[in-house]
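The values are calculated or read from the model by the stated rules, or taken from the named source; none is laboratory data. All values derive from a computational prediction rather than experimental measurement. Ideal geometry is used to build each Cβ from the backbone, glycine not excepted, and the neighbour counts take in all protein chains shown. The protein model used for the area step is the full one, side chains on, heavy atoms only, and it has no ligands, DNA or RNA in it. Shrake-Rupley method; radii C 1.70, N 1.55, O 1.52, S 1.80 Å.
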Amino acid sequence: MAETLGKALNLGLRRALESDDRVVIMGEDVGKLGGVFRITDGLQKDFGEQRVIDTPLAESGIIGTAIGLAIRGYRPVCEIQFDGFVYPAYDQIVSQLAKMYYRSQGNVRVPVVVRIPFGGGIGAVEHHSESPEAYFAHTAGLKVVACSNPNDAYWMIQQAISGDDPVIFLEPKRRYWEKGEVSFDASPIPLFSSQVVRQGTDVTVVAYGPMVRTALDAATAAAEDGRSIEVIDLRTLSPLDLGPVYESVRRTGRCVVVHEAPSHVSLSSELAARVTEQCFYSLEAPVLRVTGFDTPYPPARVEEEYLPDLDRVLDAVDRTFGF
Amino acid sequence: MTNGDRIPPDPEFVQLLDPDGERVEHPDYSVEFTPDEYRGLYRDLVIIRKLDAEATALQRQGELGIWASLLGQEAAQVGAGRALRPQDMAFPTYREHGILHCRGIDPIMPLGLFRGVDQGAWDSQKHKVHMYTIVIGAQTLHATGYAMGITMDGKVGTEDGEAVIAFFGDGATAQGDVNESFVWASVFNAPVVFFCQNNQYAISEPLERQTRVPLFKRASGFGFPGIRVDGNDVLATYAVTKQALDNARLGQGPTMVEAYTYRMGAHTTSDDPTRYRAGSEVEAWRDKDPIKRMRIFLTKAGIADDDFFTQVDDDAAKQAVELRERVLALPDPGPLSIFDNVYPGGSPLLDEQRAQQERYLASFEGGH
Ligand SMILES: Cc1ncc(C[n+]2csc(CCOP(=O)(O)OP(=O)(O)O)c2C)c(N)n1
């Protein structure tokens with residue numbers, strides 16, 4: 001069935017609430033309003049105020065109490081309203097959530113999922129368009145995933161909730177309204193795996209979250225010029241699942257990594273290093289990166305200049321043939 | 001984890017002008033305005049409401065990305081704004097358009113942020129109003145630190161000392177930053193007034209999601225006085241805020257003022273309040289309208305007549321048209337402006353990135 005990405009998340013959360021009564025949803029405006037993006041729409045009405053909790057306006061409080069609930073045996077799914085508002089909770093996530101299992105020598109599990117709508121492209125004011133993934137991927141003990149399409153959204157959120165790891169769950173907010181097929185009965189691929197989403201032979205383009213759509217569009221445009229791009233949806237940012245990337249780059253000899261976040265000390269830095277280490281003798285060109293610039297996210301009227309788009313991806317693809 | 005009891009709906013607060021436009025005596029607070037000053041307050045209220053409505057319309061027409069309306073909160077903002085002295089410093093949220101007006105600031109100034117051409121971009125020191133802060137509560141700590149600086153500079157303790165006012169909402173009172181600012185202000189006896197506009201909602205969440213006690217009572221636990229004022233009464237808000245600011249400038253430390261008011265519109269233009277509150281509740285608050293009560297009072301006291309009211313409406317309408325034209329004329333930032341002002345000392349890496357992007361953009365010129 002075709003659903004929007006937002007609705008697919010809603011259905012995935014609903015199914016998680018149905019299948020385990022220790023699952024609780026908490027966050028600002030997630031109850032009566034159904035969240036500012038309506039991802040939790042109707043859930044409080046059907047599951048009650050004890051399972052879908054409108055919290056006070058304090059992100060550190062949301063994550064800190066979720067950790068307490070998790071210690072008590074619950075499975076909290078926290079919504080952070082926008083990417084730029086996760087930072088008040090940074091200490092609870094990085095110093096507490098990430099390290100609990102390690103510090104307790106494996107005795108204390110904190111299966112908290114932190115949902116964050118991330119990325120730009122919606123014409124918003126500051127703090128509403130950021131890509132904070134590297135901060136979290138840099139932190140041992142956290143798992144970080146990003147969905148890019150409705151089917152993955154539906155399955156990945158359920159997999160994240162049912163696992164015992166704390167998971168930072170990144171949702172590409174500008175894709176919330178895009179539709180795609182959801183197979184409700186098929187069994188999903190493992191959560192922490194990347195996936196080839198379009199096959200090709202000339203260049204490997206690696207992306208995640210909102211940029212997967214951009215990469216696919218670039219591949220379609222390139223095909224018209226007779227160039228064959230393979231697109232890989234990374235899906236998991238920590239741990240990385242780079243087997244499919246290495247396999248692909250060994251065939252194509254060229255690799256371009258795309259994300260909205262700035263390039264400096266980023267996921268693409270990590271990918272470039274690892275692909276170079278593992279595929280050195282197959283590479284026809286250095287690994288190129290198409291990313292946001294190393295600046296704060298700019299005002300809305302100039303965000304199109306900041307965000308990687310089809311042209312910038314194709315430009316990088318072209319450049320891999322120039323070496 | 002139920003929704004808790006409702007906070008008592010009929011609050012005890014300082015009121016000098018009731019919803020019917022009757023003057024009320026208060027043992028501790030009073031105002032003495034000249035007829036001109038009374039008319040000036042009325043004018044402020046009407047103008048900020050009109051400009052606010054114009055901004056909402058501009059958003060509806062796609063000319064602003066978003067707008068946070070102050071509708072219903074005019075008296076709270078004019079009362080506080082007019083109580084400020086030129087040397088005082090204000091730290092606003094994103095809704096304090098009325099405060100900017102009272103500081104004599106061009107109404108175009110905050111509109112760049114909402115149109116998406118800049119992120120505030122003004123000089124805090126020059127205007128004695130810091131930029132808008134969207135991250136809830138963060139500015140209360142900045143206000144407190146600034147106030148500590150005033151003390152360190154020896155600028156408190158006299159009639160012409162300096163004071164700071166920090167604005168925030170009822171929702172913000174839950175944030176760690178706000179509570180920490182209370183601790184700091186108290187411990188360092190900082191000359192700061194914490195001005196909370198309790199408009200009853202934080203987006204969809206009603207007050208009882210943030211507190212089980214009236215907000216102004218929080219202050220005493222931190223060691224400074226808290227007071228609740230009728231935030232729809234411009235006279236009372238002025239009197240209470242002025243007293244709090246004067247106490248601060250005289251070295252008597254912080255005060256929390258809870259301006260009890262109501263957000264008549266949506267949280268922002270992106271919000272749909274019909275999903276979480278009853279129309280009847282909004283209607284009940286319409287009777288407490290801040291402008292209506294001033295108009296009745298001014299008429300009855302013979303301070304203003306219909307000619308005056310018409311004149312004010314005409315002036316407001318004219319200013320709104322002017323503002324609209326200027327918003328439409330706001331230039332979009334250039335593509336390379338992204339790289340400006342990241343570091344005061346610049347950055348070689350960023351210079352390289354900018355040069356690269358410049359070459360990339362140039363490659364499109366002359367046919368690509
Ligand atoms: C740290 C942070 N978390 C969440 C948000 C999203 N948000 C914007 S306004 C708002 C509600 C604020 O309510 P309140 O403090 O009562 O002020 P009001 O908008 O009603 O004036 C929220 C949750 C934010 N801006 N910053």
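Dipole size in debye (nearest 20) for chain B around its Cα centre, Lys and Arg Cβ +1, Asp and Glu Cβ -1?
In total the dipole reaches around 480 debye.
Cα convex hull of the stretch A:1-137: mean projected area in nm², to one decimal?
That works out to 9.1 nm², a quarter of the Cα hull's surface.
Can you give me the % of accessible surface on chain A that is carbon or sulfur? Probe 1.4 Å, all protein chains present, nothing else counted.
Reported share for carbon and sulfur atoms: 49 percent.
Amide H of residue A:27 versus every other amide H placed in the peptide plane: which residues, excluding those fewer than 5 positions away on the same chain, fall under 5 Å?
Close amide H contacts, sequence-distant or interchain: A:53, A:55, A:79.
Provide the buried accessible surface between chains A and B in square angstrom, both chains summed, 1.4 Å probe, rounded to the nearest 100.
Numbers: alone 14030 and 17360 Å², together 27780 Å².
Using a 1.4 Å probe on protein heavy atoms, the buried area is about 3600 Å².
Just the number please: accessible area per residue for the stretch A:195-320, 1.4 Å probe, all protein chains included, in Å².
Values: 4730 Å² over 126 residues.
That works out to 38 Å² for each residue.
Which trypsin sites (Lys or Arg not before Pro) does the stretch A:28-97 hold that lie in a coil by DSSP with at most 12 other beta carbons within 10 Å?
Numbers: sites: A:32, A:38, A:45, A:51, A:72; in loops: A:32, A:38, A:51, A:72.
When the trypsin sites (Lys or Arg not before Pro) of the stretch A:28-97 are filtered for loop state and at most 12 Cβ neighbours within 10 Å, A:72 remain.
Give me the angle, in degrees from 0 to 90, between the Cα long axis of helix B:138-152 and the longest principal axis of the Cα atoms of chain B, rounded to the nearest 10.
Compared with the principal axis, the helix lies near 80 degrees.
With just the Cα atoms of the stretch A:127-250, tell me how far they stretch along each of the three principal axes, in Å, largest first.
Rounded to whole Å, the extents work out to 45, 36, 30 Å.
Tell me the net charge near residue A:147. Cut-off is 10 Å between Cβ atoms, residue A:147 excluded, with +1 for each Lys or Arg and -1 for each Asp or Glu.
With Lys, Arg at +1 and Asp, Glu at -1, the net is -1.
Per residue in the stretch B:264-289, which ones lose no less than 20 Å² of accessible surface when going from chain alone to all protein chains (1.4 Å probe)?
Buried on complex formation: B:275, B:276.
Can you say what percent of the DSSP beta bridges in the stretch B:99-218, counting only those with both residues inside, are antiparallel? Round to 5.
Values: 2 of 8 bridges.
Here the antiparallel bridges make up roughly 25 percent for the stretch B:99-218.
Cα to Cα, under 20 Å, and not fewer than 8 places away if on the same chain: which lysines meet these conditions relative to residue A:179?
A:7
Rounded to the nearest 10 Å², what accessible area does residue B:289 show when all protein chains are kept and the probe is 1.4 Å?
Accessible surface of residue B:289 is approximately 30 Å².
With charges set only on the Cβ (+1 for Lys and Arg, -1 for Asp and Glu), what does the dipole of the stretch A:109-242 come to about its Cα centre, in debye to the nearest 20?
Magnitude of the dipole: close to 280 debye.
Have a look at B:79, B:107, B:65 and report the one farthest towards the positive end of the charge dipole of the stretch B:35-333, computed about the Cα centre with Cβ charges (Lys/Arg +1, Asp/Glu -1).
Toward the positive end, the furthest listed residue is B:79.
Quote the relative contact order of the stretch A:193-270 in percent (integer), defining contacts as alpha-carbon pairs under 8 Å separated by 6+ residues.
42 percent
In the stretch A:24-79, which chymotrypsin sites (Phe, Trp or Tyr not before Pro) fall in coil by DSSP and have 14 or fewer other Cβ atoms within 10 Å?
Counting only loop positions with at most 14 other Cβ atoms within 10 Å, none of the chymotrypsin sites (Phe, Trp or Tyr not before Pro) in the stretch A:24-79 qualifies.
For residue A:49 and residue A:95, compute 0.36 nm times the residue count separating them, minus their Cα-Cα distance, and round to one decimal in nm.
Result for the pair: 13.6 nm of gain on full extension.
Which residues belonging to the stretch A:1-42 lose at least 30 Å² of 1.4 Å-probe accessible area when the assembly is complete, relative to their chain isolated?
Those are A:29, A:32, A:33, A:38, which lose 30 Å² or more relative to the chain on its own.
Grab the alpha carbons of chain A, take their convex hull, and tell me the volume per residue in Å³. Intermediate results must be reported in sequence, preceding the final value.
On the way: hull volume 41.8 nm³, N = 323.
Here the figure is 129 Å³ per residue.
How do B:117, A:265 rank by accessible surface area computed with a 1.4 Å probe, from largest to smallest?
A:265, B:117
Along Cα→Cβ, 7 Å out, is where each label goes; now give me the distance between the ones at residue B:341 and residue A:304 in nm to one decimal.
Each label point is offset 7 Å from its Cα along the Cβ direction, giving 2.3 nm.
Quick one: Cα centre-to-centre distance for the stretch B:87-111 and the stretch A:6-49, in angstrom?
Answer, in whole Å: 38.
Hey, with R₀ at 25 Å, roughly what FRET efficiency would residue B:311 and residue A:122 work out to, going by the Cβ-Cβ distance, to 0.05? Write down the numbers at each step before the final one.
Details: r = 42 Å, r/R0 = 1.70.
Step by step, r from the Cβ atoms, then E = 0.05.
Looking only at GluC sites (Glu not before Pro) in DSSP loops with at most 14 other Cβ atoms within 10 Å, what is the longest site-free stretch of chain B? Kindly include the intermediate steps, with their values, before the conclusion.
On the way: sites that count: B:12, B:22, B:25, B:32, B:159, B:365.
Answer - B:160-364.
Can you find, among A:205, A:160, A:100, the residue sitting farthest towards the positive end of the charge dipole of chain A, where Lys and Arg contribute +1 and Asp and Glu -1 at Cβ?
A:100
Taking +1 at the Cβ of each Lys and Arg and -1 at the Cβ of each Asp and Glu, which of A:42, A:27, A:58 sits farthest along the dipole of the stretch A:27-67 towards its positive end, judged by Cα position relative to the Cα centre?
A:42
Treat every Asp and Glu Cβ in the protein assembly as shown as -1 and every Lys and Arg Cβ as +1, leave all other atoms uncharged, and give the resulting dipole magnitude about the Cα centre to the nearest 20 debye. Before the final figure, lay out the partial values.
Values: 67 positive and 98 negative charges, 287 e Å.
Roughly 1380 debye, rounded to the nearest 20.
Please name the residues of the stretch A:278-305 whose accessible area, counted over protein heavy atoms with a 1.4 angstrom probe, falls by no less than 40 Å² between the chain alone and the full protein assembly.
Those are A:293, A:294, A:295, A:299, A:301, A:302, A:305, which lose 40 Å² or more relative to the chain on its own.
What 222 nm value per residue comes from the helices of the protein assembly as shown, counting each DSSP H run with n ≥ 4 as -39,500 (n - 2.57) and dividing by all residues, nearest 500 deg cm²/dmol?
-11500 deg cm²/dmol
Which links in B:50/B:217; A:45/A:173; B:50/B:155; B:128/B:217; B:242/B:292 stretch past 32 Å when you go from one Cα to the other?
Numbers: B:50/B:217 34 Å; A:45/A:173 24 Å; B:50/B:155 37 Å; B:128/B:217 29 Å; B:242/B:292 23 Å.
In this structure, B:50/B:217; B:50/B:155 lie more than 32 Å apart at Cα.
Of A:187, A:131, which has the most accessible area and how do the rest follow, probe 1.4 Å?
A:187, A:131
Would you mind pulling out the separation of the Cα centroids of the stretch A:199-250 and the stretch A:128-142, in Å?
22 Å
What share of the DSSP beta bridges in the stretch A:176-293 is antiparallel, in percent to the nearest 5? Please report the intermediate quantities before stating the final value.
Numbers: 4 of 16 bridges.
Taking every DSSP beta bridge with both residues in the stretch A:176-293, the antiparallel ones total about 25 percent.
Counting only heavy atoms of the protein chains, get the accessible area per residue of the stretch B:35-333 (1.4 Å probe) and round it to a whole Å² value.
Value returned for the stretch B:35-333: 36 Å² of accessible area per residue.
What full-extension length gain, to one decimal in nm, is calculated for residue B:252 and residue B:22 as 0.36 nm per residue of separation minus the Cα-Cα distance?
Length difference between fully extended and current span is 79.5 nm.
In terms of the ratio Rg/(2.2 N^0.38 Å) built on C-alpha atoms, what value belongs to the protein assembly as shown?
Against the compact-globule rule of thumb, the ratio is 1.04.
Bin width 10 Å, origin at 0, all Cα-Cα pairs of chain B: what percent of pairs per bin?
5, 23, 31, 25, 11, 4, 2, 0
Report for the protein assembly as shown the percent antiparallel among DSSP-assigned beta bridges with both residues inside it, nearest 5.
20 percent
To the nearest 10 square angstrom, what accessible area does residue A:246 show with a 1.4 Å probe?
The value for residue A:246 is about 40 Å².
What range in chain B is the longest one free of trypsin sites (Lys or Arg not before Pro) that are in a loop by DSSP and have at most 14 other Cβ atoms within 10 angstrom?
Between the exposed loop sites, the longest stretch runs B:7-211.
Starting from the residue with the highest accessible area, list B:194, A:192, B:308 in decreasing order, probe 1.4 Å.
A:192, B:308, B:194
Once label points are set 7 Å from the Cα along Cα→Cβ at both residue B:328 and residue B:286, what is their separation, rounded to one decimal in nm?
Once both label points are built, they end up 3.1 nm from each other.
How much length would be gained if the chain were fully extended between residue B:85 and residue B:362, taking 0.36 nm per residue of separation minus their Cα-Cα distance, in nm to one decimal?
Taking 0.36 nm per residue and subtracting the Cα distance, the gain is 94.6 nm.
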